[in-house]
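Q: Quick one: structure below, then a few questions.
The values are calculated or read from the model by the stated rules, or taken from the named source; none is laboratory data. Keep in mind the model is a prediction, meaning the values are calculated, not measured. Backbone-built Cβ (ideal geometry, glycine too); neighbour counts: all protein chains shown.
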Amino acid sequence: MLDETGPETWLVRARDDAPPEALVEGFARGFRLTSWSLVEAERRSLGVYTSAHHAEEAWWRHRDTGA
């Protein structure tokens with residue numbers, strides 16, 4: 001699920017009470033997907049998508065493949 005945390009910013013969570021797993025940020029004309037970490041240097045960019053929902057779907061695919 002996408003949990004909106006601010007303008008053009010969402011956390012990807014498995015459910016309401018689950019910890020965040022990824023971050024989706026809108027920029028320019030796309031949505032950047034990043035693995036979630038409290039330490040910004042540990043976040044890993046996972047691509048740019050045309051919508052926040054496409055980025056979320058990409059996160060679940062990424063997680064399922066164990067990449």
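Q: So which residues in the stretch 16-26 are closer than 21 Å to GLY66 by Cα, touching a strand residue (DSSP E or B) at 6+ places or on another chain (Cβ under 8 Å) and surrounded by fewer than 17 Cβ atoms within 10 Å (Cβ to Cβ), if there are any at all?
A: Step one: of the stretch 16-26, the residues closer than 21 Å to GLY66 by Cα are 18-24.
Now narrow it down to the ones that are touching a strand residue (DSSP E or B) at 6+ places or on another chain (Cβ under 8 Å): 20-24.
Within the stretch 16-26, PRO20, GLU21 qualify.
Q: Still on this model: Name the residue, out of ARG29, ARG13, ARG43, that is surrounded by 14 or more Cβ atoms within 10 Å (Cβ to Cβ) and over 10 Å from the mean Cα position of the chain (by Cα). Working first, answer last.
A: Numbers: ARG29 fails: surrounded by 14 or more Cβ atoms within 10 Å (Cβ to Cβ); ARG13 fails: over 10 Å from the mean Cα position of the chain (by Cα).
Just a single option satisfies the conditions, and that option is ARG43.
Q: Looking at the stretch 60-67, is at least one residue within 15 Å of THR9 (Cβ to Cβ) and either under 10 Å from the mean Cα position of the chain (by Cα) or assigned to a loop (DSSP other than H, G, I, E, B) (or both)?
A: The answer is no; no qualifying residue exists.
Q: Which condition does TYR49 not pass, out of (1) modelled with pLDDT under 95; (2) over 9 Å from the mean Cα position of the chain (by Cα); (3) surrounded by 15 or more Cβ atoms within 10 Å (Cβ to Cβ), if it passes all the others?
A: (1)
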